[in-house]
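Worksheet: the structure to be examined is printed underneath.
The values are calculated or read from the model by the stated rules, or taken from the named source; none is laboratory data. Model, not experiment: these values are computed from the prediction. Reconstructed Cβ throughout: ideal geometry from the backbone, glycine too, with neighbour counts over all protein chains shown. Accessible surface is based on the protein model in full, side chains and every heavy atom, while ligands, DNA and RNA are left aside. Shrake-Rupley method; radii C 1.70, N 1.55, O 1.52, S 1.80 Å.
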Amino acid sequence: MRGRTAPAAGLTLLRPHPRVSLLLHRRSAAVAGVLLVLLAAVMITSACVGQTYIAPPEVWRALRTGTGPHDLVVNELRVPRIAVGALVGAALGLAGALVQTVTRNPLASPDVIGVGHGAAAATVLALATGAVSAPGAMPVVSVVGGLAAAALVYVLAWRHGMQPSRFVLTGVGIGVALSAVVQLYLTDSELEAAEQIKLWLTGSLNGRGWAQAGPLALVLGLSLPGLVWASRALRPLGLDADTAAGLGVRVDRARLGLTVLGVVLAATATGAAGPIGFVALTAPQLARRLTRTPQLPLFNAALTGAIVLVAADLVARTLLPPLEIPVGALTALVGGPYLLWLLGRRTATR
């Protein structure tokens, strides 16, 4: 493999094949390596720490042999939950990066523009009516609801083109309306169903396992070709619409494709763990500040989202033992002040 470096831009041109060339941002690659190590450390810590501390060698022995005194805790309770948390965080980080690129607004995320509300409304409807009860079907219901909400927002926001500011405002309005729908279902549901719905709406990894991790991993795997295309489409979309169009980019088509991909990822994550707020909002911006790239780095956004959610879940289940705080409540508690800070920072720079 031959490489040619452009020091001023911090880029390396890789040519693994005469007809294939890859542009590698050196700082992004270094940050990705650090984030991978940090994610592994957080996951190992989460597997060890809980009401019962298990030393790392014992965790590894339980994983390797599937036997021993810690087999149930490690292989049935902690590791599947950690896997779901990492996958959900990665999906939310990717979805946030895609939506923020389309809207060109760091304050936008799937849970802000109505996608999460649509997925939640569809899932709540399925739980309240008993139409769907299988855990593996919940991601499908959430994707349908998220896509329906995003399609409604897109249609209502379209006026001779899609303006990002109008798209965000329309999404906020649709999200408020869908939240009201969810509250109506709660007031009219049976007590047992209402408690189940309320628990799901808080966003929690408690009780999540391979039944939720499998569909989410499948969606992420199937999204890889789209993410490769998205990584190329992000650069011109970071410019204004006229400049991007002048470069030969079909702006509206590219925005639609990125939006659909982000909606599918966010809605699938919502179906697996419930609506977990602010991860999709904060992870892309944290990744961008670490890499210092002009566009949002997809791979690093996914890693940052996974680290944030796994670490938040570790804190949520160990902060006030034996009480377990829903991870969605903790991310909202931390993400709310971050959103206010981001709003203040944008106002101060104008």
Inset, instruction - Select, from Ala180, Ala121, Ala148, the only residue that is farther than 28 Å from Leu286 by Cβ, modelled with pLDDT of 80 or more, part of a helix (DSSP H, G or I) and open to solvent by less than 30 Å² (accessible area, probe 1.4 Å). - result: Ala121
Legend entry - Residue among Val140, Val112 that is open to solvent by 30 Å² or more (accessible area, probe 1.4 Å), β-branched (Val, Ile, Thr), closer than 20 Å to Pro275 by Cβ and assigned to a loop (DSSP other than H, G, I, E, B): Val112
Legend entry - Flag if Gly130 is open to solvent by less than 80 Å² (accessible area, probe 1.4 Å) and either within 24 Å of the chain's Cα centre (by Cα) or modelled with pLDDT of 80 or more (or both): no
Legend entry - Hits in region 301-347 (condition: open to solvent by less than 80 Å² (accessible area, probe 1.4 Å), farther than 22 Å from Gln51 by Cβ, aliphatic (A, V, I, L, M) and at pLDDT below 90): Ala332, Leu339, Leu342, Leu343
Legend entry - Residues of region 286-305 that turn out to be out of contact with any strand residue (DSSP E or B) (no Cβ under 9 Å at 6 or more places or on another chain) and under 19 Å from Val228 (Cα atoms), as a count: 13
Inset, instruction - Just need a number here: residues in region 199-210 that are at pLDDT 85 or above and in a helix (DSSP H, G or I). - result: 1
Inset, instruction - Report whether or not Ser165 is at pLDDT 70 or above and over 20 Å from the mean Cα position of the chain (by Cα). - result: yes
Legend entry - Matching residues in region 66-87 - criterion: being in contact (Cβ under 8 Å) with a residue 40 or more places away in the chain and of a type in the set (A, V, I, L, M, F, W, C): Ile82, Ala83, Val84, Ala86, Leu87
Inset, instruction - For region 277-292, name all the residues that are touching a Leu at 6+ places or on another chain (Cβ under 8 Å) and open to solvent by less than 10 Å² (accessible area, probe 1.4 Å). - result: Val279, Ala280, Leu281, Ala283, Pro284, Ala287
Inset, instruction - Would you confirm whether any residue within region 60-71 is at pLDDT below 80 and either of a type in the set (S, T, N, Q) or open to solvent by less than 50 Å² (accessible area, probe 1.4 Å) (or both)? - result: no
Legend entry - Options Val84, Val37; residue that is modelled with pLDDT of 90 or more, open to solvent by 40 Å² or more (accessible area, probe 1.4 Å) and under 21 Å from Ile307 (Cα atoms): Val37
Legend entry - Filter result (under 14 Å from Thr103 (Cα atoms) and either of a type in the set (D, E, K, R) or at pLDDT 80 or above (or both)) within region 212-248: Arg235, Asp240
